[in-house]
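Below is one structure, written out as structure tokens; the observations come after it.
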Amino acid sequence: MLNLVLFGPPGAGKGTQSQKLIDKYGLIHLSTGDLLRGEISQGTELGLEAKKLMDEGLLVPDAVVIGMISNKLDANKDAKGFIFDGFPRTVAQAEALDTLLESKSSAISGMVALEVDDDELERRLLLRGKDSGRPDDADPAIIRKRIKEYNDKTKPVAGYYKNQNKFTSINGIGSIEEIFSAIVAVIEKY
Ligand code: B4P
């Protein structure tokens, strides 16, 4: 089973590369951002709570996203593997993911981190914000807050996978195809 964590700051290209990896490897895509936006568009209670935090550029509580991932793993028991996009975003989420996979006799194959500098992240997200209608992509101050949340709470997750010898970092600046080839080269070594 191939279970890949695609890691990186907001705007690093995780969602973009996930789509290409799904086409190539037939994996199930688990994006907590997409799942949360789905809850928001359906107007659920969970979505209403999450929206307030997301619009401000803050992370939603661990228990919420862990619960969503657990449901999705249960609903896809026969999957060839999963691509975790935007999850785990805290060390507590990473620990919970290991426990969930262990209970299914599975494990994370590896984490691939996309490295992109802050100026480029801001440029990409503001550009996406012109079409996406996402409130968190529209305002440079919110984008900077998302990058700060990443630096404070999410970056330590890399160390968690480094300790397990499952971490690889690649350059996230370049063409989408170049970056995709670099990710595939890492996966082929698993
Ligand atoms: P996400 O939906 O995960 O948002 P994201 O990080 O902005 O998306 P992504 O990083 O996938 O976008 P991509 O680079 O592909 O999270 C949104 C919010 O949800 C969070 O702020 C948080 O509030 C909440 N949340 C989600 N998961 C959570 C969790 N686990 N715990 C707690 N809270 C959680 O794309 C960016 C842009 O760059 C695109 O326009 C793309 O076209 C462009 N791009 C991609 N590759 C490029 C390249 N090589 N060159 C130029 N542009 C490129």
### Query
What are the residues in region 36-76 that are farther than 25 Å from N151 by Cα and of a type in the set (V, I, T), if any?
I40, T44
### Summary
Checking L73, L59, L21, L36 in turn, the sole residue that is assigned to a helix (DSSP H, G or I) and either under 22 Å from P135 (Cα atoms) or acidic (D, E) (or both) turns out to be L36
### Summary
All-but-one check, I22 against (1) touching a residue at least 12 places away in the same chain (Cβ under 8 Å); (2) within 18 Å of K104 (Cβ to Cβ), failing number (2)
### Message
Being buried (at least 16 other Cβ atoms within 10 Å of the Cβ) and at positive phi is the filter here; which residues of region 1-54 pass it?
### Response
G8, G11, G13
### Query
Are there any pairs with C-beta distances below 6 angstrom linking a residue in region 111-131 that is touching a residue at least 12 places away in the same chain (Cβ under 8 Å) to a residue that is hydroxyl-bearing (S, T, Y) and surrounded by 14 or more Cβ atoms within 10 Å (Cβ to Cβ), with the two at least 6 apart or on different chains, and if so which?
M111/Y161; V112/T168; A113/S169; E115/S169
### Summary
S105 fails exactly one of (1) under 12 Å from the mean Cα position of the chain (by Cα); (2) modelled with pLDDT under 95; (3) among the hydroxyl-bearing types (S, T, Y), namely (1)
### Task
Kindly indicate which of R89, R144 is part of a helix (DSSP H, G or I), modelled with pLDDT of 95 or more, among the charged types (D, E, K, R) and in contact with a helix residue (DSSP H, G or I) (Cβ under 9 Å, 6 or more places away or on another chain).
R144
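Residues are listed down the side, and each one gets a yes or a no for (1) farther than 30 Å from Y190 by Cα; (2) modelled with pLDDT under 95; (3) in contact with a Ser or Thr (Cβ under 6 Å, 6 or more places away or on another chain):
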{"position": "L126", "(1), (2), (3)": "yes, no, no"}
{"position": "R134", "(1), (2), (3)": "yes, yes, no"}
{"position": "P140", "(1), (2), (3)": "yes, no, no"}
{"position": "T154", "(1), (2), (3)": "no, no, no"}
{"position": "S169", "(1), (2), (3)": "no, no, no"}
### Query
Among (1) surrounded by fewer than 20 Cβ atoms within 10 Å (Cβ to Cβ); (2) within 11 Å of the ligand (Cβ to nearest atom); (3) touching a residue at least 12 places away in the same chain (Cβ under 8 Å), where does A63 come up short?
(3)
### Summary
Residues of region 156-173 being buried (at least 18 other Cβ atoms within 10 Å of the Cβ), part of a strand (DSSP E or B) and not hydrophobic (A, V, I, L, M, F, W, C), in sequence order, are T168
### Message
Name the residue that is farthest from L59 (Cα to Cα), counting only residues in region 92-112 that are within 12 Å of the ligand (Cβ to nearest atom) and touching a Phe, Trp or Tyr at 6+ places or on another chain (Cβ under 8 Å).
### Response
L97
#### Entry: Given (1) over 22 Å from L53 (Cα atoms); (2) of a type outside the set (D, E, K, R); (3) within 14 Å of the ligand (Cβ to nearest atom), index of the condition N151 fails
(1)
#### Entry: Positions within region 165-178 being free of Cβ contacts under 8 Å to residues at least 12 places away in the same chain and more than 10 Å from the ligand (Cβ to nearest atom), in sequence order
N165
### Task
Select, from I83, I69, the only residue that is closer than 17 Å to T32 by Cβ and in contact (Cβ under 8 Å) with a residue 40 or more places away in the chain.
I83
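The values are calculated or read from the model by the stated rules, or taken from the named source; none is laboratory data. Note that the coordinates shown come from a computational prediction; the quantities given were computed from them, not determined experimentally. All Cβ positions, even for glycine, are placed from backbone atoms using ideal geometry, and neighbour counts span all protein chains on display.
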